[in-house]
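Chemist: Supplied in structure tokens, the structure appears directly below.
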Amino acid sequence: MTDDATQDLISVKMARSVMHRYKPEQMLWHYEHGLVLQGIYTVGKKYNLPELTVWVKNMYDTKIQADGSISTYKKDEFNLDQINPGKVLFDLYAETGEERYRTAIETLQNQLRKHPRTNGGGFWHKKIYPWQMWLDGLYMQGPFYARYAAQFGNTGDFEDVVHQFELVFSHTRDADTGLLYHAWDESCSQLWADSDTGCSPHFWGRAMGWFCMAVLDVLDWIPSSDDYQILRDRMIAIAQKLVEPVLSFQDTESGLWYQVLDMGMRKKNYQETSASAMFVYFLYKFCRNSLPLPLGVEQDTVLAAADKGFKGLCARLSSDKDHNLHLSGICSVAGLGGNPYRDGSYDYYVKEPVVDDDFKGVGPFIYAALEAEAYQATHR
């Protein structure tokens, strides 16, 4: 691919657009910052654009101190969100050999070693959310934990990683639709929790999107060898069960997915771009990795859905006078509990602000674009 052709790729354009408006003094040790920075780093590595990877390193160096401590990180919060920015540290350590990055990695892994758990062994989403597992949390810690296991850990770590996914999947999956509820409260004590199942009341798009991405990203790090095949098979079994519900709830006209997945025609619901980008990423990557599809589902069907979804996302892009890209239709935030209390009702999910350029949408869009480009490169 020529240099000019590389610069025209939508993943590169979006990465550069973020770099244009995101300054070092804005860097936070926060899951969504880690999400978009990892996306930009991946673009830089894939297309041999060192200015992107150097820029990401410089952003991280505002937070990783000479002794490896992480500015503003607070272990005693036991917040899974704070693990996600650590994913890029593996790459920075491999590329530079600087021990401060390894020290920071160990700091985050030590949090997981001591993180509070449900009686079934699942990580609490945060210390302030006891006995709760949220789908979001599997993305925040799962790929980090799996990569740590692959590079520095042991087989027992992989078993724990897979167990986390199986536990939350078994509790949040709806048998009728195959969709996953946003969260599960083992104690069934939260006001948002069903008194029998402990599940929150609705299928929030981005929550399930986080989970879908996490399953495939964890599989990147479980070795493809006989010793680990059972663990891989257990994760693949989960991934397989996600394909059909993702396909079933895609809007056939726009190619996108709704904020509340199973209520597309209900008043105030809307097509939400962060979840849509996550599902597009999931469908493309599932096929690129040649994972076995569920019986009766053809690869052409999955790829067509991914392609339609990506075109739908691109229709939500705009360009400013400086030719920087902007993505619209992103739910700014959604959660459960807290103060003021978020009850997980339909009305709650559809009333949160919808914004442009939020990293929770832009990051997954970059990943979806990378997968679309990989598909297009082999299907010209």
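Chemist: Kindly flag which residue pairs out of Lys63/Lys308; Lys127/Lys241; Lys13/Lys360; Lys23/Lys360; Lys57/Lys285 have an alpha-carbon separation exceeding 28 Å in this structure.
Modeler: Values: Lys63/Lys308 39 Å; Lys127/Lys241 30 Å; Lys13/Lys360 17 Å; Lys23/Lys360 17 Å; Lys57/Lys285 26 Å.
The pairs that break the limit, which is 28 Å between Cα atoms, are Lys63/Lys308; Lys127/Lys241.
Chemist: May I pose another question? Just to confirm, what accessible area per residue do you get for segment 9-101 at 1.4 Å probe, in whole Å²? Intermediate values should be presented prior to the final figure.
Modeler: On the way: 3690 Å² over 93 residues.
Using a 1.4 Å probe on heavy atoms only, each residue of segment 9-101 averages 40 Å².
Chemist: Using a 1.4 Å probe on the protein heavy atoms, what percent of the accessible area of the chain belongs to carbon and sulfur?
Modeler: On the way: 7580 of 15420 Å².
Carbon and sulfur together cover 49 percent of it.
Chemist: Identify all aspartates and glutamates with a Cα-Cα distance to Lys351 below 19 Å; exclude those on the same chain that are fewer than 8 residues away in sequence.
Modeler: The qualifying aspartates and glutamates are Asp262, Glu272, Asp343.
Chemist: May I ask you to give the solvent-accessible area per residue for segment 161-200, in square angstrom, as obtained with a 1.4 angstrom probe?
Modeler: On the way: 1600 Å² over 40 residues.
Normalised by residue count, the accessible surface of segment 161-200 is 40 Å².
Chemist: Here's a follow-up. What range in the chain is the longest one free of GluC sites (Glu not before Pro) that are in a loop by DSSP and have at most 10 other Cβ atoms within 10 angstrom?
Modeler: Numbers: sites that count: Glu253, Glu298.
So the longest stretch without any such site is 1-252.
Chemist: Using a/c under 1.5 as the rounded threshold, could you call segment 180-266 rounded, prolate or oblate? The axes a ≥ b ≥ c are square roots of the C-alpha gyration tensor eigenvalues, and prolate needs a/b larger than b/c, oblate otherwise.
Modeler: oblate
Chemist: Assuming 0.36 nm per residue, please report the length gained on full extension of the stretch Glu77 to Arg117 beyond their Cα-Cα distance. Intermediate values should be presented prior to the final figure.
Modeler: Working: separation 40, 0.36 × 40 = 14.40 nm, distance 1.37 nm.
Extra length available between Glu77 and Arg117 comes to 13.0 nm.
Chemist: Before rounding to the nearest 500, sum -39500 (n - 2.57) across all DSSP H runs of length at least 4 in the chain and divide by the residue total; then give [θ] at 222 nm in deg cm²/dmol. If you can, show how the numbers build up before the last one.
Modeler: On the way: 14 runs with 199 residues, N = 380.
Helix-only estimate at 222 nm: -17000 deg cm²/dmol.
Chemist: Starting from the 7 Å offset along Cα-to-Cβ, what nm value, one decimal, do you get for the label separation of Asp220 and His323?
Modeler: About 2.9 nm, to one decimal.
The values are calculated or read from the model by the stated rules, or taken from the named source; none is laboratory data. Only a predicted model underlies this, so the values are computations on that prediction, with no experimental measurement involved. Don't worry about glycine lacking a Cβ; one is built from the backbone with ideal geometry, like all the others, and counts go over all protein chains shown. Surface accessibility is based on the protein's heavy atoms, side chains included, excluding ligands, DNA and RNA. Shrake-Rupley method; radii C 1.70, N 1.55, O 1.52, S 1.80 Å.
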